[in-house]
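Below is one structure; the comments refer to it alone.
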Amino acid sequence: MRISARADYAVRAALQLAASRDDGPLKAEAIADAQDIPHKFLESILNDMRRGGLVLSQRGGSGGYRLAKPAESISIADVIRVVDGPLVSVRGVRPPELSYTGPAESLLPLWIALRSNVREILEGVSLADVASAQLPADVSALTNAPSAWVNP
């Protein structure tokens with residue numbers, strides 16, 4: 001699985017908004033500076049997040065962006081789906097829409113299992129979890145394996 005720059009920036013922007021929830025709306029420039037995200041790219045991402053119902057925008061001198069709902073109720077999966085679409089696809093196609101034959105036939109259940117695990121992790125972690133550095137125990141446990149940190 002590959003996390004696009006767009007998805008990475010969107011999650012980081014959402015986390016910045018979650019961390020400053022009590023400070024009122026944040027300007028896109030402030031988010032871009034805090035997270036080292038190209039401003040124009042961030043504007044496009046924030047617009048997608050607004051259309052997707054994750055953020056609200058407010059115009060004016062005291063305007064900016066804020067989360068549309070509590071950080072506890074927005075999963076990392078929600079953010080990624082809004083800016084990038086499905087969490088797992090094969091050649092741009094969702095796994096249930098695929099079919100294989102012969103020796104490749106068992107690829108479909110493999111892709112479905114992959115999608116299931118990705119969903120379980122990304123849907124089970126909220127912006128509040130990450131912003132507070134309190135990942136769920138099952139996610140933290142996955143990072144405890146020494147092989148998790150090594151590239152083969």
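The values are calculated or read from the model by the stated rules, or taken from the named source; none is laboratory data. Predicted model, so just to flag it, every value in this text is computed and none were measured. Glycine gets a Cβ as well: all are built from the backbone with ideal geometry, and neighbour counts include every protein chain shown.
Report yes if some residue within the range 117-132 is part of a loop (DSSP other than H, G, I, E, B), exposed (fewer than 11 other Cβ atoms within 10 Å of the Cβ), without any contact (Cβ under 8 Å) to a residue 12 or more places away in the chain and not aromatic (Phe, Trp, Tyr); otherwise report no.
no
Name the residues in the range 91-115 that are surrounded by 12 or more Cβ atoms within 10 Å (Cβ to Cβ) and within 19 Å of the chain's Cα centre (by Cα), would you?
Correct list: Arg94, Leu114, Arg115.
Out of all the residues in the range 54-98, which are part of a loop (DSSP other than H, G, I, E, B), in contact with a Ser or Thr (Cβ under 8 Å, 6 or more places away or on another chain) and either charged (D, E, K, R) or modelled with pLDDT of 90 or more (or both)?
Result: Ile74, single match.
Taking the criterion of being outside any helix (DSSP H, G or I) and surrounded by 14 or more Cβ atoms within 10 Å (Cβ to Cβ), would at least one residue in the range 39-50 satisfy it?
No, because not a single residue in the range 39-50 is outside any helix (DSSP H, G or I) and surrounded by 14 or more Cβ atoms within 10 Å (Cβ to Cβ).
Residues in the range 25-39: is at least one within 22 Å of Gly124 (Cβ to Cβ) and among the polar types (S, T, N, Q)?
No: the range 25-39 contains no residue that is within 22 Å of Gly124 (Cβ to Cβ) and among the polar types (S, T, N, Q).
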